[in-house]
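Chemist: Okay, here's the structure, questions in a sec.
The values are calculated or read from the model by the stated rules, or taken from the named source; none is laboratory data. The shown structure was predicted, so the numbers you read here are calculated from the model rather than taken from an experiment. Glycine gets a Cβ as well: all are built from the backbone with ideal geometry, and neighbour counts include every protein chain shown.
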């Protein structure tokens, strides 16, 4: 199999500077991105998958859940360390999945983006290697969302992934902004709790999911979250169930 290609780190920064100063913004208006082929190299540790074509957004359907599974299955053998490589995700956003990026975030081509440079940086680039930034990235976020919610013990391994994508900003702006997103058992506990009480989260899902994640994150300020299993987090949410209902 072919080895996975990456942008060189210096080239990622060159592109980032070009977007910031506006000198290459026009490149993102095209259907294909013209990059310097001499600025790439092959990773000796990651294989390029033979499959992994993403569903393009169509008529208001983004297919984030479906695409999360597609990208995770394609790169399922990657370790979290390998999946923390900014160079690879930047490469994929500008090459293999460039058309998907344009369809998913069309603000450059249709001129709807207010601050075009910021718009490009927010979706095509990762500012720093931390959990929340990976989850907000157009391609990396799909992989990490599936990785955090994939449960091998379930018949449907992606049952919790679907809950994560129930609301657009749940993964990127709510759960992903907190330290607890690094701990799969904490994520499992929150998602299983939402699944267990559908009526509780039927209305005001965004507000209630924010309350829940903020509450668990506050517990993380006094307790080492990595020591606990999902049952602990569900029991803590049970203690504030009435408060969640009032949100």
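Chemist: Can you confirm whether residue 218 is touching a helix residue (DSSP H, G or I) at 6+ places or on another chain (Cβ under 8 Å) and at negative phi? Please lay out each step first, then the result.
Modeler: On the way: touching a helix residue (DSSP H, G or I) at 6+ places or on another chain (Cβ under 8 Å): no; at negative phi: yes.
Spelling it out, it is not the case that residue 218 is touching a helix residue (DSSP H, G or I) at 6+ places or on another chain (Cβ under 8 Å) and at negative phi.
Each row is one residue, and each column tells you yes or no for (1) more than 19 Å from the chain's Cα centre (by Cα); (2) free of Cβ contacts under 8 Å to residues at least 24 places away in the same chain; (3) closer than 23 Å to residue 166 by Cα.
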{"position": "31", "(1), (2), (3)": "yes, no, no"}
{"position": "60", "(1), (2), (3)": "yes, yes, yes"}
{"position": "66", "(1), (2), (3)": "no, yes, yes"}
{"position": "88", "(1), (2), (3)": "no, no, no"}
{"position": "108", "(1), (2), (3)": "yes, no, no"}
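Chemist: Looking at the structure I just gave you, is residue 153 buried (at least 19 other Cβ atoms within 10 Å of the Cβ) and at negative phi?
Modeler: Values: buried (at least 19 other Cβ atoms within 10 Å of the Cβ): no; at negative phi: yes.
Judged against the criteria, residue 153 is not a match.
Chemist: Can I ask one more? Checking residue 134 against (1) in a helix (DSSP H, G or I); (2) surrounded by 21 or more Cβ atoms within 10 Å (Cβ to Cβ); (3) modelled with pLDDT of 95 or more: exactly one of these is not met. Which one?
Modeler: Status for residue 134: all satisfied but (3).
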